[in-house]
1. Quick check: is even one residue across the stretch 153-163 closer than 19 Å to I71 by Cα and over 19 Å from the mean Cα position of the chain (by Cα)?
2. Any idea which residue in the stretch 132-145 is nearest to L274 (Cα to Cα), counting only those that are of a type outside the set (S, T, Y) and surrounded by 14 or more Cβ atoms within 10 Å (Cβ to Cβ)?
3. Residues to consider are S138, S172, S215; find the one that is assigned to a helix (DSSP H, G or I), modelled with pLDDT under 90 and farther than 23 Å from I29 by Cα.
4. Between residues in the stretch 331-342 that are under 16 Å from A245 (Cα atoms) and residues that are hydroxyl-bearing (S, T, Y) and assigned to a helix (DSSP H, G or I), which pairs lie under 9 Å by C-beta distance while being six or more apart or on different chains?
5. In the stretch 177-212, how many residues are under 23 Å from A156 (Cα atoms), touching a Pro at 6+ places or on another chain (Cβ under 9 Å) and β-branched (V, I, T)?
6. Do the conditions hold for V234, that is, is it surrounded by fewer than 18 Cβ atoms within 10 Å (Cβ to Cβ), at pLDDT 80 or above, farther than 25 Å from I322 by Cα and aliphatic (A, V, I, L, M)?
7. Hey, does the stretch 55-65 have a residue that's under 30 Å from G136 (Cα atoms), hydrophobic (A, V, I, L, M, F, W, C) and modelled with pLDDT under 80?
8. Take the residues in the stretch 335-353 that are within 17 Å of V108 (Cβ to Cβ) and not aliphatic (A, V, I, L, M), then tell me which one is surrounded by the most Cβ atoms within 10 Å (Cβ to Cβ).
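The values are calculated or read from the model by the stated rules, or taken from the named source; none is laboratory data. On a predicted model such as this, the values are computed, not experimentally measured, just so you know. Because the Cβ atoms are built from the backbone with ideal geometry, glycine has one as well, and the counts that use them run over all protein chains shown.
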Amino acid sequence: MTWTGIRTIMVLELRQRVRATRWRVMLGIWLAVLILLCGGLTIAAAATSSEPSKEFFVPLYDLVVCFVLGIGLIVAPTLSATSINGDRADATLALLQATALRSQEIVVGKLLAAWVAAIAFLGVAVPFLVILTVAGGSHWQALVAHLVILVFTLGAVCAIGLGFSSLTARPSASAVLTYIVVAALTVGTPLATTIASPLVTSTQTEVTYSVDYDSSTDDKVVCETDPEISTNDVTRTDRIWWMLAPNPFVALGDATAHVPPQPAGKDLDYSTSLLTITGRWVDGMRDPQPERVVYNYCKDREDSYDGPSSTSNRGDAKTKHIAFWPASLVALVTLGAGGVITASRRLRVPAGKLPRGVRLA
């Protein structure tokens, strides 16, 4: 591949999009929606109180960043899923294949053009995210991680759509297949985790030491000599939590939950952040379930409790595992690379035998 060939295809694609009135109207509507969303909620919060507190900007930031990701996952397939089969239907793809351009240059050029067009929607939303971060809605390191996740997720979805565009003859079919993959990543991963939960159960023994109230006095607490032993079935979520890793929304939550602790004197609290709660909950899923749990209710006094230190408390204020969102990006990029490789092979010339319904020129 050469940069000249990639740039040629990229410029052709971007000029077509810039000249298209519909694309510019979509950007304008997207800007208006963000202004109404942030401005309307801020005005509503100011109407209920004299000054919006920082606790208000935390959920507002989460809402905006998730909204940006959701719209990006809707827009990105429309930018790439009809790129190849649409040109084939317009009888313009064969003209590119007849030139000295390689199939990889055509595919990468179309991918970069669709990626830049998708990032344009993200660029419109970046000032809103920066303002909310300055207001206390998020941490700067979380903002940078969120932008990285958004950029790579949009690129991966564009690449997946490009691969389906080369496999199908109709643009509608490739768009539907791309949306199915997006739905599988966002909705299918939690469903798959829920379905797999009954398959990863194990037995856990609980030993409970209670107070012997008949033998105890006001001056002395007597414990029962024979503890109560019970056996329960627990779900080994540490074996299936990785199924949520390809989910871009879960990756946003993991990046938010692993922000560094606030310096002394800072009153920023992200406990109201839905992304933080999600990240800490998934972090709790990664804790292994012990085979034996001991509850001691009479260690020092009658109302004492000594639970197992290895028991996971999902939603704790601290995370105990390293962040996995970089691995999420690797999984998404791998899917996108598969789409690029597939499209490159489908555009090789000579084409050989074409599928039924596919036109050459």
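1. Yes, there is a match, as at least one residue in the stretch 153-163 is closer than 19 Å to I71 by Cα and over 19 Å from the mean Cα position of the chain (by Cα).
2. Residue satisfying both the conditions and the ranking: G137.
3. S172
4. L332/T153
5. 5
6. The answer is no for V234.
7. Filtering the stretch 55-65 for residues under 30 Å from G136 (Cα atoms) gives 55-65.
Pick out the ones that are also hydrophobic (A, V, I, L, M, F, W, C) and you get 56-58, 60, 63-65.
Remaining after also requiring modelled with pLDDT under 80: 56.
Taking every residue of the stretch 55-65 in turn, at least one turns out to be under 30 Å from G136 (Cα atoms), hydrophobic (A, V, I, L, M, F, W, C) and modelled with pLDDT under 80.
8. Once the filter is applied, the top-ranked residue is G339.
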